[in-house]
Structures are given as structure tokens and as C-alpha cells.
1. In degrees between 0 and 90, to the nearest 10, how far off the longest principal axis of the chain does helix 75-90 point, with axes built from Cα atoms?
2. Order 73-81, 28-36 from most to least packed using the mean count of other Cβ atoms within 10 Å.
3. Using a Förster radius of 22 Å, what is the FRET efficiency between residue 19 and residue 85 based on their Cβ-Cβ separation? Nearest 0.05, please.
4. Provide the packing ranking of 83-92, 3-12, 17-26, i.e. peptides ordered by the mean count of other C-beta atoms within 10 Å per residue, highest first.
5. What's the extension gain from residue 69 to residue 34 if we count 0.36 nm per residue and subtract their Cα-Cα distance?
6. Grab the beta carbon distance between residue 119 and residue 77, set R0 = 22 Å, and tell me the FRET efficiency rounded to 0.05.
7. Just to confirm my numbers, what's the Cα centroid distance between the stretch 35-62 and the stretch 1-21 in Å?
8. Among (i) 47, 38, 19; (ii) 53, 31, 22; (iii) 53, 34, 20, only one was calculated for this model; which label is it, if the read-out is Cα extents along the principal axes in Å?
């Protein structure tokens, strides 16, 4: 497997597709560039999901998140891009991305984006 940034999220079969369970992954070293200033923005990305038929292989997730380091994105944009790509790769029942950006200019930003599959219970 590659050790350079990659936009490919690798999904593998869920070993327990009949069980509902949650997975939480915390990535405290996420960086992207501010599209206005070119300065780095640092964040902790927390991904919580309930697997469907697939789970995401962790090294591919690391390399995927690494791929944003030299790109300019607004906080809201990059959070939703991560969610879209994660859902496309893993096909989860539920997924939540929480991006907690470090202080810049005296402001911290937290962006939360969620996905629920059509068969996800409304009461959950």
C-alpha cells in the first residue's frame, strides 16, 4: 500500500454486517490550508459511523486525510467533502464527521456533518 497522500478510501467487507455497532476514529493531526490566506488550519477530525456492508481500512483513511494538507478549503467545505467521500466508500448506516479546528484569529470553529441511510431508524 502507498505511503503518500491518496484520495482513495479503501473499504473492506464488514466482518459483522448483521450487527449494529459504532466505530469512532479520532484524527488529531488534520491540516488543510486556508483558501484566503494560504496559512495552515489544524483540526481534530472525529469520524463516528455504524458500518453497513463495509468498513474503512485505517491506513487508507490516514493517507486520505493527509491528502488535504496542501489544498485550500474552508472548514465547512472540507468537513462535508470528507463525509461525502466516506459515505461513498463505506456505505454506512450512519456517519458523523466532527471537525474541531484550532484557534486562528481568536476564533475556533467546529463543523458537524451527518449522514443517515434511508433505512436508518428515525428515532436514533
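1. 30
2. Values: 73-81: 17.2, 28-36: 14.9.
Result, highest mean Cβ count within 10 Å first: 73-81, 28-36.
3. Working: r = 25 Å, r/R0 = 1.13.
In this case the efficiency is close to 0.35.
4. Put in order of decreasing packing, that is 83-92, 3-12, 17-26.
5. Details: separation 35, 0.36 × 35 = 12.60 nm, distance 1.03 nm.
Result: 11.6 nm gained on full extension.
6. Values: r = 29 Å, r/R0 = 1.30.
The calculated FRET efficiency here is 0.15.
7. 13
8. Read-out from the structure maps to (i).
Since every read-out is calculated from the coordinates, none of them should be taken as a lab result. Computed from a predicted model, the values in this text were never measured in an experiment. Here Cβ is always computed from backbone atoms with ideal geometry, including for glycine, and neighbour counts include all displayed protein chains.
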